[in-house]
Amino acid sequence: MQEQHLYEYAIIRVVPRVEREEFINVGVVICHWKRDFLACKLHLDSRKLLMLDPLADVEMIQLNLASFQKICTGSVNGGNIASMDLASRFRWLTAVRSSIIQTSRPHSGYAEDLEKTLERLFEENVG
């Protein structure tokens, strides 16, 4: 039997009109400190987004989600935040904020395979 890993994750949301607090889930970010594992999976369903806000700037939101991905992976073109250590990047990505891209509060769990867990969480929460 493989070793169980304690991980943290958060659901990534798009909140097109922050004052209304309506959102759609667009991804999952998962982190395991000891294994130096930080990954996210994203998918923006523009049809759902436009149902919440017909004037939503889909292209700009996709660019912001791409930036989220770059920070998560520590991409060299992801800016200063992407160059931070893994724990700092996860905390920055999951910080409470009032913006169009938000995350749930972090949750924790145990898993043997972090990649499969990311896929499962994505399917359960984004679809």
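The values are calculated or read from the model by the stated rules, or taken from the named source; none is laboratory data. Bear in mind the structure is a predicted one, so any value in this text is a computation, not a measurement. Positions of Cβ are generated from backbone atoms using ideal geometry, with glycine treated the same way; all protein chains shown enter the neighbour counts.
Scanning region 71-97 for residues that are out of contact with any Pro (no Cβ under 6 Å at 6 or more places or on another chain) and in a loop (DSSP other than H, G, I, E, B) gives GLY74, SER75, VAL76, ASN77, GLY78, SER83, MET84, ASP85, ALA95, VAL96, ARG97.
In this entry, GLY74 passes the filter for residues that are farther than 18 Å from ILE11 by Cα, of a type in the set (Gly, Ala, Ser) and in contact with a strand residue (DSSP E or B) (Cβ under 9 Å, 6 or more places away or on another chain). Is it the case that some residue within region 25-35 is surrounded by fewer than 18 Cβ atoms within 10 Å (Cβ to Cβ), among the β-branched types (Val, Ile, Thr) and more than 17 Å from SER98 (Cβ to Cβ)? No, region 25-35 has no match at all.
Suppose the filter is surrounded by fewer than 12 Cβ atoms within 10 Å (Cβ to Cβ), touching a Lys or Arg at 6+ places or on another chain (Cβ under 8 Å), farther than 12 Å from PRO16 by Cβ and among the aliphatic types (A, V, I, L, M); does VAL96 pass it? Judged against the criteria, VAL96 is a match. Taken together, the residues in region 17-29 that are outside any helix (DSSP H, G or I), out of contact with any Pro (no Cβ under 9 Å at 6 or more places or on another chain) and modelled with pLDDT under 95 amount to 2.
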